[in-house]
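The values are calculated or read from the model by the stated rules, or taken from the named source; none is laboratory data. Quick caveat: nothing in here was measured; it's all calculated off a predicted structure. When we count neighbours, we look across all protein chains shown, and the Cβ atoms used for this are built from the backbone with ideal geometry, even at glycine.
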Amino acid sequence: MKQHPSPSTTGIYCGATTSMFISPSILASAEELARKAAELNGLIAPQTATHLAQLIEAADGPLTQVWDATEHGSDQKNLRPDPAIDPRRRIVAVLGHYDQLLISESMGHSAAWVYVKHSFEQLGLHPRLWRLPRAISRWNQLQVGETELMEFKLMTCIKEVDHILDVFNRKNLRQRVLHSFSSSKLIRDAGVGTRTGPAVLNLLILGSQPSSEFESFTGLPIGVSEKELARLKGLGLVIDSSSNAAWIEPGLPAWFAEGSLDI
């Protein structure tokens, strides 16, 4: 695909400010992004979300290692959006300003990446829970007009949020986790039984729980459930809580997230 040309510097770019005319379809897409990001944050338990964010940060490392070189030029004054302005317009303005930073800042992608990441955090879009860098990496692959480019930016962000929403949809999550416990060679070779799958699923949904409660949920005899939990910890599927020694949390190791959850 051809790359899109550099954005104009004449001030006509539809996302450059919060006061310019923005088409109803773009405003609707911005609203959809905000709504789905809020839904995503509410769907995933805090502890699970923390480990998901760590996983995504590691997975996107190859995309962001150059962008994260410095925060010079990140336009810090814009990281505190005015709550009086329509939040949809603020989202569009951030995406528009991204291109302005690419052509006006000496650090290019670094400044633009930091600006979008921080601004989206301030706007409550929870970018740590979905793959914003993967969306950004696609923005330079299209040669279209400015309005179409803005629509494409919003669409790629929504697509990434939708993917995580789909993964953590209760029905889909159940199918993925239980399937992995019946088909994963790594789980099978570790000696973990399929009956433990529902307990791990429950832990992913809850985010944390007492070790004793997890062991009871497996339905296995006490001695057997303790050994099963130890095997799960060895695989990284379960980890000890850092805030409570008697509690555990889901680990989300990369091999499980990529192979079973498709993250």
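For the list (1) in a strand (DSSP E or B); (2) among the β-branched types (V, I, T); (3) surrounded by fewer than 21 Cβ atoms within 10 Å (Cβ to Cβ), I need the number of the one condition that I248 fails.
In the conditions (1) in a strand (DSSP E or B); (2) among the β-branched types (V, I, T); (3) surrounded by fewer than 21 Cβ atoms within 10 Å (Cβ to Cβ), I248 misses (3) alone.
For the stretch 237-263, name all the residues that are modelled with pLDDT under 95 and β-branched (V, I, T).
Result: I263, single match.
Identify all residues within the stretch 210-219 that are out of contact with any helix residue (DSSP H, G or I) (no Cβ under 6 Å at 6 or more places or on another chain) and not acidic (D, E); write none if there are none.
P210, S211, S212, S216, G219
Within the stretch 198-226, how many residues turn out to be without any contact (Cβ under 8 Å) to a residue 12 or more places away in the chain and assigned to a helix (DSSP H, G or I)?
Final tally of qualifying residues: 7.
For T156, state whether it is surrounded by 18 or more Cβ atoms within 10 Å (Cβ to Cβ), β-branched (V, I, T), in contact with a helix residue (DSSP H, G or I) (Cβ under 6 Å, 6 or more places away or on another chain) and within 30 Å of L27 (Cα to Cα). Show your work before the answer.
Values: surrounded by 18 or more Cβ atoms within 10 Å (Cβ to Cβ): yes; β-branched (V, I, T): yes; in contact with a helix residue (DSSP H, G or I) (Cβ under 6 Å, 6 or more places away or on another chain): yes; within 30 Å of L27 (Cα to Cα): yes.
It is true that T156 is surrounded by 18 or more Cβ atoms within 10 Å (Cβ to Cβ), β-branched (V, I, T), in contact with a helix residue (DSSP H, G or I) (Cβ under 6 Å, 6 or more places away or on another chain) and within 30 Å of L27 (Cα to Cα).
Mind checking which residues of the stretch 251-263 are touching a residue at least 60 places away in the same chain (Cβ under 8 Å) and part of a loop (DSSP other than H, G, I, E, B)?
If the condition is that a residue be touching a residue at least 60 places away in the same chain (Cβ under 8 Å) and part of a loop (DSSP other than H, G, I, E, B), then G251, L252, S260, L261, D262, I263 are the ones that fit.
All but one of (1) out of contact with any strand residue (DSSP E or B) (no Cβ under 8 Å at 6 or more places or on another chain); (2) not assigned by TED's automatic domain parsing to the domain that holds G108 hold for E146, so report the exception by its number.
Exception for E146: condition (2).
Among the residues in the stretch 188-197, are any under 25 Å from L40 (Cα atoms), in a loop (DSSP other than H, G, I, E, B) and not assigned by TED's automatic domain parsing to the domain that holds Q54?
Taking every residue of the stretch 188-197 in turn, none turns out to be under 25 Å from L40 (Cα atoms), in a loop (DSSP other than H, G, I, E, B) and not assigned by TED's automatic domain parsing to the domain that holds Q54.
When you check R174 against the structure, is it part of a helix (DSSP H, G or I) and not assigned by TED's automatic domain parsing to the domain that holds I91, yes or no?
The answer is yes for R174.
Name every residue in the stretch 134-156 that is of a type outside the set (S, T, Y), under 18 Å from I22 (Cα atoms) and assigned to a helix (DSSP H, G or I), in order of residue number.
Correct list: E146, E148, L149, M150, E151, F152, K153, L154, M155.
Mind telling me which of the residues E31, E71 ends up being over 30 Å from V238 (Cα atoms) and modelled with pLDDT of 95 or more?
On the way: E71 fails: modelled with pLDDT of 95 or more.
None of the other options fit; the residue is E31.
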